[in-house]
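Participant: Shown below is the structure under consideration.
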Amino acid sequence: MPEDRRSQRPASRGGAKPPARGGSKPPARGGSKPERGASKSDQRDGKPAGRDSRDSRDTRGGGRSAAGGRGSRDGDWKRPREEQGPRTTDQAQYDGPPLPDEVTGQELDRAVANQLKGLPEKLAARVGRHLAAAGLLIDEDPETAYQHTLAARARASRIAVVREAVGEAAYAAGHYAEALAELRAAKRMNGATGYIPIMADCHRALGNPAQSLKLAKSPSVANFLPEAKAEMTLVEAGARRDMGQLDAALRTLELAPLTSNSRAAWVVRLRYAYADTLEAAGRESDALAWFHRTHAIDSEQITDAAERAELLEKRIG
């Protein structure tokens, strides 16, 4: 994969950052099938088949097991730690990383929280906390954020926003095949098309730029807002570069609003990609001019345009 890909990859739509997301439609019937052997209540609550959830309650025996173990304050009985065997991979995924006490789930965007209301109250609270934790960690620790979303999926795999969060966290953590599968699942559930740029970039990362170009030609792209269109343009141009089609990549970028008066991040990234592609095509003077134009509006310093311009100036003399 060419080195330029990191500067051209689309920004996350926010599904992996649940507090910032909203607007997804309620999930349609379907989604992941429950595992064989799962009870009806397990299927309903999104619990793994064949074992009790620590979110469930066993009230038989007034908080004591048949073996005489002492129950917890809320009626759960847990096998003493010394008698517990090692957790399986599925159990570890279901438990997820530790949840910080300060993460309550109240951090979620209202539209995201509304999608969890069909779950039992305690289950919804646990799923919400994992999604909120993922949103807080997605930038600094995407792998742990991904593990939080897997824990949410283990409990609520039929909720579209959960699958969306898994897909975007997987993308941020570099698990591109998993990201593609999860975003496809979310798209089947809610019909949303906003995932297309990230799905296309996943194809690029997996070495399938032709599939990226197919997604870039999707009819729904024409109705995207400017920011989303810019993300699609970045991926499409990157796919052209992956295929060695530098001239086509330049034409793709030249159709974008490179001269927009906006200082938004998507304009900065479009200009940077254009300058980078010009340099790759051997047009160093033009590239230098566009690196300067990029730096002029990059107040947040999201690119290294200034450094790239300085290097080019030294090389050109």
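The values are calculated or read from the model by the stated rules, or taken from the named source; none is laboratory data. Source: prediction; values computed, not measured. Quick reminder, even Gly has a Cβ in these numbers, built from the backbone with ideal geometry, and neighbours come from all protein chains shown.
Participant: Every residue in segment 190-213 that is among the aliphatic types (A, V, I, L, M) and in contact with a Ser or Thr (Cβ under 9 Å, 6 or more places away or on another chain), please.
Facilitator: If the condition is that a residue be among the aliphatic types (A, V, I, L, M) and in contact with a Ser or Thr (Cβ under 9 Å, 6 or more places away or on another chain), then ALA192, ILE196, ILE198, MET199, ALA200 are the ones that fit.
Here is a yes/no grid of residues against (1) crowded, with 19+ Cβ neighbours inside 10 Å; (2) touching a residue at least 40 places away in the same chain (Cβ under 8 Å); (3) touching a helix residue (DSSP H, G or I) at 6+ places or on another chain (Cβ under 9 Å); (4) at positive phi:
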{"position": "LYS187", "(1), (2), (3), (4)": "yes, no, yes, no"}
{"position": "GLY194", "(1), (2), (3), (4)": "yes, yes, yes, no"}
{"position": "PRO209", "(1), (2), (3), (4)": "yes, no, yes, no"}
{"position": "LYS214", "(1), (2), (3), (4)": "no, no, yes, no"}
{"position": "ALA222", "(1), (2), (3), (4)": "no, no, yes, no"}
{"position": "LEU234", "(1), (2), (3), (4)": "yes, yes, yes, no"}
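Participant: Looking at segment 281-306, which of its residues are over 20 Å from ALA264 (Cα atoms) and either surrounded by 15 or more Cβ atoms within 10 Å (Cβ to Cβ) or of a type in the set (D, E, K, R) (or both)?
Facilitator: Answer for segment 281-306, where residues must be over 20 Å from ALA264 (Cα atoms) and either surrounded by 15 or more Cβ atoms within 10 Å (Cβ to Cβ) or of a type in the set (D, E, K, R) (or both): ALA281, ARG283, GLU284, ASP286, ALA287, LEU288.
Participant: Something else now. I need a count of the residues in segment 133-165 that are more than 13 Å from PRO97 (Cβ to Cβ) and not in a loop (DSSP other than H, G, I, E, B).
Facilitator: Selection size over segment 133-165: 9.
Participant: Within segment 71-121, how many residues turn out to be of a type outside the set (Val, Ile, Thr), part of a loop (DSSP other than H, G, I, E, B) and either modelled with pLDDT of 90 or more or closer than 15 Å to THR149 by Cα (or both)?
Facilitator: Qualifying residue count for the region: 17.
Participant: Among the residues in segment 281-296, are any touching a Gly at 6+ places or on another chain (Cβ under 9 Å) and part of a helix (DSSP H, G or I)?
Facilitator: No, there is no match, as no residue in segment 281-296 is touching a Gly at 6+ places or on another chain (Cβ under 9 Å) and part of a helix (DSSP H, G or I).
Participant: Determine whether ALA256 is crowded, with 17+ Cβ neighbours inside 10 Å and at pLDDT 95 or above.
Facilitator: yes
Participant: So which helices (runs of 4 or more DSSP H) are wholly in segment 197-268 and hold at least 2 residues that are among the acidic types (Asp, Glu)?
Facilitator: 226-242, 246-254
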